[in-house]
């Protein structure tokens, strides 16, 4: 029980810390893209696509890292613990970012994408452990 809470907590903490770094990078990139689009107006039509691609890549890295840390800390049932950590971290992050808005389809997509990314991070750790032990 203690190991489960430790693994899930470490995963959620990793998700929060890397998520904050991800938000900083996303904001800085969006500001840079807006500055660039003022110089070159034809780029302004790609602003939303740029933001979603960058956010998707950042969410994948954050959640996969959270799943990897959770799997590394877990003694057993690493996948279920990684899923729990990603649901907790993703839901709290999503709740804080939506504020008073309604739950949108893109928010649901990113929550499901977060869970899948976390499972991929857990899978990578499991494969690394199998390769290391053989």
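What follows draws every value from the coordinates through simple rules; no lab data is involved. Predicted model, so just to flag it, every value in this text is computed and none were measured. In this analysis, Cβ positions are derived from the backbone assuming ideal geometry, glycine residues included, and neighbour counts consider all displayed protein chains.
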Report summary line: Cα extents of segment 2-133 per principal axis, largest first, Å, are 54, 37, 22
Report task. Would you kindly state how much longer the chain becomes between residue 107 and residue 77 on full extension, computed as 0.36 nm times their sequence separation minus their alpha carbon distance, in nm to one decimal? Result -> 8.1 nm
Report task. Calculate, in nm to one decimal, what residue 23 and residue 6 gain on full extension: separation in residues at 0.36 nm each, minus their alpha carbon distance. Result -> 3.6 nm
Report summary line: One finds, for residue 133 and residue 97 with R0 = 41 angstrom and r their Cβ-Cβ distance, a FRET efficiency to the nearest 0.05 of 0.55
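Any chance you could run the full-extension gain for residue 52 through residue 38? It's 0.36 nm times the residue separation minus the Cα-Cα distance, nm to one decimal. Don't skip to the end; give the middle numbers.
Details: separation 14, 0.36 × 14 = 5.04 nm, distance 1.97 nm.
Full-extension gain reported as 3.1 nm.
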Report task. Return the distance in nm (one decimal) between the two label points of a simple spin-label model at residue 124 and residue 31, each offset 7 Å from Cα along Cα→Cβ. Result -> 2.8 nm
